Amino acid sequence: MTTPGGERVALTAFVTYAVLAGGNAVGIRFSNRELAPLWGAGLRFALAAALLLAVMAVLRLALPRRRDLVGSLLYGLFNFGGSFGLGYYALVQVHAGLGQILLALVPLLTLLLAVLWRQERLSAAAVIGSLLALMGVAVTSYSPLQNDVPLLSVLAVIGSAICFAQALVLVRRFPGVHPVTMNAIGMTAGAALLLAAALFANEPLELPDRLETWAAIAYLVVIGSVVVFLLYLVVLRYWAASRASYGFVIIPFVTLALSGWLDNEPVGVGLVVGGFMVMAGVYVGALRPARVTPAAVNAKTDMG
């Protein structure tokens with residue numbers, strides 16, 4: 001059970017990472033305009049991994065062993081290699097806001113996978129909140145989906161969401177690994193997979209020339225990779241995987257605002273209506289305090 005102090009830490013980290021992560025998809029769109037997608041993703045996580053490995057050295061954090069090392073590598077392959085490989089590919093054609101809206105499926109997928117792996121039980125509140133949030137996503141994305149978006153790009157975003165969800169469920173099986181270590185090892189594994197895929201796809205491995213591309217990479221490496229994922233693992237220390245993943249239904253609104261401003265993505269009235277529905281789903285499914293029945297209180301008193 002999470003203590004009041006732990007709940008405050010988790011909620012603060014949750015809100016902060018959701019806001020900062022809103023710029024990730026926009027940064028990827030800018031990166032994709034000059035760099036090939038797999039190479040751009042691999043370069044980002046190679047730089048972020050190097051930064052985190054340096055932090056590990058400063059903090060004198062030991063490398064994980066055996067089972068924890070395997071868990072960290074699997075986390076990286078799913079969370080950074082699989083999800084971002086597919087995500088970078090999709091965002092060549094898909095606008096940042098629409099892509100992030102489709103990633104709002106992560107809470108539903110995480111919940112189903114957590115139940116499948118017997119980490120959680122399916123609760124009525126989680127189901128109702130997820131369905132309400134999903135309806136909000138449908139309302140929000142109605143207009144953008146009328147545009148000519150390639151089906152393969154849409155499927156790539158959904159595949160990215162599945163990889164994200166599996167990584168969230170997986171990381172909770174290895175609670176003893178330090179967040180910095182988990183991300184350093186994970187990003188190294190993910191970067192290796194992405195760079196190998198870029199070589200296999202015969203992508204041009206060129207450094208950017210444009211200042212805006214370097215600015216996008218800097219944001220993606222420092223804020224979007226290191227800060228965001230460390231905050232996310234902090235949340236997972238206190239919250240169940242399905243609850244933590246509800247950030248994916250908040251992030252799209254930050255992304256849509258930034259994408260409309262920086263990338264001229266159309267933002268319609270559906271954002272307002274769908275936004276209220278999504279936020280209601282987040283509250284019901286993830287943030288609403290659980291009710292304690294009199295019977296539960298009496299049982300706790302008898303045990304104490």
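The values are calculated or read from the model by the stated rules, or taken from the named source; none is laboratory data. As the structure is a prediction and not an experimental result, all values here were calculated from the model. Positions of Cβ are generated from backbone atoms using ideal geometry, with glycine treated the same way; all protein chains shown enter the neighbour counts.
Among the residues of the stretch 10-37, how many are in a helix (DSSP H, G or I) and either within 16 Å of the chain's Cα centre (by Cα) or surrounded by fewer than 16 Cβ atoms within 10 Å (Cβ to Cβ) (or both)?
Residues meeting the conditions: 17.
Every residue, every condition in (1) among the hydrophobic types (A, V, I, L, M, F, W, C); (2) crowded, with 18+ Cβ neighbours inside 10 Å; (3) more than 20 Å from L38 (Cα to Cα); (4) modelled with pLDDT of 75 or more, yes or no:
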| position | (1), (2), (3), (4) |
| --- | --- |
| A196 | yes, no, no, yes |
| L199 | yes, no, no, yes |
| L205 | yes, no, no, yes |
| E212 | no, no, no, yes |
| V272 | yes, no, yes, no |
| V284 | yes, yes, yes, yes |
| A296 | yes, no, yes, no |
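Only one of these is in contact with a Phe, Trp or Tyr (Cβ under 9 Å, 6 or more places away or on another chain) and closer than 22 Å to P64 by Cβ: P179, P208, P204. Name it.
P179
I need the full set of residues from the stretch 76-99 which are surrounded by 23 or more Cβ atoms within 10 Å (Cβ to Cβ), under 19 Å from I217 (Cβ atoms) and touching a Pro at 6+ places or on another chain (Cβ under 7 Å), in order please.
Within the stretch 76-99, Y88, Y89 qualify.
Show me the helices (runs of 4 or more DSSP H) entirely contained within the stretch 66-182 in which 1 or more residues are modelled with pLDDT under 75. First the steps, then the outcome.
Working: elements: 66-76, 83-90, 96-102, 106-116, 124-140, 151-171.
By residue number, 106-116, 124-140, 151-171.
Failed condition for A216, given (1) under 13 Å from the mean Cα position of the chain (by Cα); (2) buried (at least 22 other Cβ atoms within 10 Å of the Cβ), with all others met?
(1)
Could you say whether any residue in the stretch 119-134 is surrounded by 18 or more Cβ atoms within 10 Å (Cβ to Cβ), farther than 27 Å from L43 by Cβ and of a type in the set (V, I, T)?
no
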